[in-house]
1. Can you report the number of residues in region 269-318 which are on the phi > 0 side of the Ramachandran plot and either in contact with a Ser or Thr (Cβ under 6 Å, 6 or more places away or on another chain) or basic (Lys, Arg) (or both)?
2. Being in contact (Cβ under 8 Å) with a residue 40 or more places away in the chain, open to solvent by less than 60 Å² (accessible area, probe 1.4 Å), out of contact with any Cys (no Cβ under 6 Å at 6 or more places or on another chain) and within 25 Å of residue 250 (Cβ to Cβ) is the requirement here; does residue 369 meet it?
3. Go over the candidates 14, 73 one by one and state the one that is within 18 Å of the chain's Cα centre (by Cα) and polar (S, T, N, Q).
4. Could you list, in sequence order, the residues of region 38-61 that are over 13 Å from residue 85 (Cα atoms) and under 24 Å from the mean Cα position of the chain (by Cα)?
5. Mind listing just one residue for me: the one in region 65-106 that is open to solvent by 20 Å² or more (accessible area, probe 1.4 Å) and among the polar types (S, T, N, Q) and, of those, farthest from residue 213 (Cα to Cα)?
6. Residue under question is residue 356, and the condition is that it be charged (D, E, K, R) and touching a residue at least 40 places away in the same chain (Cβ under 8 Å); does it hold?
7. Does residue 280 satisfy the criteria of being touching a Phe, Trp or Tyr at 6+ places or on another chain (Cβ under 7 Å), open to solvent by less than 20 Å² (accessible area, probe 1.4 Å) and of a type in the set (A, V, I, L, M)?
8. Somewhere in region 296-315, is a residue among the basic types (Lys, Arg), within 24 Å of residue 49 (Cβ to Cβ) and touching a residue at least 24 places away in the same chain (Cβ under 8 Å)?
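The values are calculated or read from the model by the stated rules, or taken from the named source; none is laboratory data. These numbers were taken from a predicted model, which means no experiment stands behind them. Every residue, glycine as well, gets a Cβ built from its backbone with ideal geometry; the counts of neighbours run over all protein chains shown. Calculation scope for accessible area: heavy atoms of the full protein, side chains included, ligands and nucleic acids excluded. Shrake-Rupley method; radii C 1.70, N 1.55, O 1.52, S 1.80 Å.
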Amino acid sequence: MAATRALSAAWPLSSRLTEAGRLEVGGCDAVGLAEEFGTPVYLLDEDDLRARARAVRAALEACTADGEVLFASKALPVTAVYRLMAEEGLSIDVASGGELHMALAAGVDPARIYLHGNAKDDSELRTAVAAGVGCVVIDNADDLRRLEALAPAAPVRVLLRINPDVAGDTHAAMSTGQGDAKFGVALDDAPALLARLRASDAVVLDGLHVHIGSQLLDLAPFGRAATALAPLGDFGTYDLGGGLGVAYLDGDEPPSLEEWVDAVVGAVHDHLGPDKRILLEPGRALTANAGVTLYRVVTVKPGAPPWVAVDGGMSDNLRPMLYGARYQAEIADRFGGGTPCRLVGKHCESGDVLIEAADLADPRPGEVIALPATGAYGHALANNYNGVPRPPVVLCRDGDARVVVRRETYDDLLRRDVSL
């Protein structure tokens, strides 16, 4: 994806440093945004989100005449982002009743929604059928049993998720296609369930689905996944999932969206045949690098190296604590290193460390810290540990910034309480 940029691929496409050395995102001054909206705050570059959505659509259209891009919304479940992705022509992949509710609230055409999940309950399936979702991805025999019990007025289009026993080269917590993963139907069990799906009056079987992992930087496993599906028969539709990795640090060089699309489409054509309908489910690859989280330094404590504590942490970015995700940071108006330090959060956990080996330019209390590549699974995994309200989400474009998810308040923490 061609773009002019002043910063590395870890940062949003439109981000740059001004002549004064201040970070801008979407034409907005980062320090000014911190003053206006407070910290922590999630910034999203709207043009970046749109550019990546357009790029993956164009890449798929260039490779095949029959394809569909689904935004894997678990990466960034924000109503405004659902609406934006739909405006750019993407369908929506939801993994729960809550994500389905947000997609419908955003005005997404139900026929363009795909419902996923390894434990879809009666309520979620009932809501999906009533809304008229375009497709339900069957993960297990219980999904079929529940759909049949609902006795839908018209058969529901479905894909069957297969566990291909193919592991992606990624962290164990993000690998979803190995034999012992909780997702999908084992290859040996698939023929029996396929026969049940074909015989059922409640569903129409469109094809097969696989997903092998997330933050994948090696594209070869997609070919192995396609190879694993071939013995199950000939189908009209194949969904090889998402999982393309992104840049988190300066110098990271993940495959491009175009390279990923080419590899997946090639895998389908080579191992499953031409003239197939091909579905793709990018999530992280569309949103991660569009996001920047701003914090404010609260304390700087001597140590070897020093501890630099900010006003957020594991309540707004759980990824470093869950699976050792790596990030970089800069002082928003003074890029550059010089002070090795540990960038830590404010929570009562020793593991609340955002960056174990940060390098900042003489950080001081009150200064604004910027972490790039936080557009995926930051807001999505945000929580209220230690009673900390979740940050707002601010969409930036052409020098204008607007809140699309407001900051929680202390009163919000009490809102679900029931008086005895």
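1. 0
2. yes
3. On inspection, the qualifying residue turns out to be 73.
4. Selection gives 39, 40, 41, 42, 43, 44, 45, 58, 59, 60, 61.
5. Among those residues, the one meeting the criterion is 79.
6. no
7. Criteria not met by residue 280.
8. No, the conditions are met nowhere in region 296-315.
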